[in-house]
Structure formats: C-alpha cells, structure tokens
Amino acid sequence: MPNTARWAATLTLTATAVCGPLVGSAHAAPSGLYAPSALVLTTGHGQTAAAATPERAVTLNCAPTASGTHPAAPDACAELRAVKGDLDALTPRNGVFCTRLYDPVVVTAEGVWQGKRVSYEHTFANECVKNSYGMTVFAF
C-alpha cells in the first residue's frame, strides 16, 4: 500500500506540473506573444548623429498596437510594416521637389523591430528631402 500511495502522489504531481499550465489557457488571452517593435527616432542638423545635436525625438511603438509620441504613430507603423521594418527601403515620394540647398539633416532610429535590434542613421541633404522619404516615419 505504501508503494501505491507513492505512485499515486507521483502521478498527481506530474499531471499537475504538465497539465496545470494548460488549464484555463483557452479562456485567458496570453500576453507577450508578439515580438516587440519599439523605436526612438531622432532628428538634428549635421553630417552625422555624433556631430549633430538632436533637435527632436519621438517614440514609436508598433506592437501590439501603434502608440508613442510620434504624431502619426498608426500611419508610421503601417509604413514600416510595408517595408518589413527596413528603414533603407523607404523611398522618396513622387512629385516632391526640393531645393539643392545643402543643409544636412541626420535621422536615427534605435530600438527593436519585431524582436530584432535596430540601429539606423541616415543623413539627408536638407529638411525637404528628409520629409519626402516615406510618408510619415520621419515626419515629426
């Protein structure tokens, strides 16, 4: 009888350990099952981020929903999703004409996109050229 009691206790503990986490999982919405997508975007005048003083900075969170201090977070997240988070894939809009005045503007993006580390820096010839890339990501 003592061996039977031990086996019963062992089976009960094993079943609880294995099946316990499964109980109620169909009713509760699991949290943390999305890859994080959160960026800090900065802009400033200068050739490089190291030489430029950031003039503006915004946060952009795209998962699970669009949020942050970016003025058009939902649109910026949709734009980034369309290029799979590749900021280099953003192209200038058609029909935008900018002067050839060279007043360099550097933008940076630091953070995480769908769970992968992002460290981006790009220098545009001037503010108009910066604003012509994409629609909303760099418009802040």
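Between A35 and A78, what is the spin-label point distance in nm, taking each point 7 Å from the Cα along the Cα→C-beta axis?
Rounded to a tenth, the inter-label distance reads 2.2 nm.
To the nearest 20 debye, what charge dipole does segment 58-140 have about its Cα centre, counting +1 at the Cβ of each Lys and Arg and -1 at the Cβ of each Asp and Glu?
The dipole of segment 58-140 has a size of about 160 debye.
Select from segment 66-140 those trypsin sites (Lys or Arg not before Pro) which occupy a DSSP coil region and have at most 14 other Cβ atoms within 10 Å, ordered by residue number.
Answer by residue number: K84, R93, R100.
Fully extended, how many nm does the chain gain between R93 and H122 (0.36 nm per residue separation, minus their Cα-Cα distance)?
Stretched out fully, the R93 to H122 stretch lengthens by 8.7 nm.
Which GluC sites (Glu not before Pro) from segment 53-134 combine a DSSP loop assignment with at most 12 other Cβ atoms within 10 Å?
Answer by residue number: E55.
Using a 1.4 Å probe, how large is the accessible area of D88, given in Å² and rounded to the nearest 10?
Answer for D88: close to 110 Å² accessible.
The values are calculated or read from the model by the stated rules, or taken from the named source; none is laboratory data. The structure displayed is predicted, hence computed values, not measured ones. Cβ coordinates were reconstructed from backbone atoms using ideal geometry, including for glycine residues, and neighbour counts include every protein chain displayed. Keep in mind that these areas ignore ligands, DNA and RNA; they rest on the heavy atoms of the full protein, side chains included. Shrake-Rupley method; radii C 1.70, N 1.55, O 1.52, S 1.80 Å.
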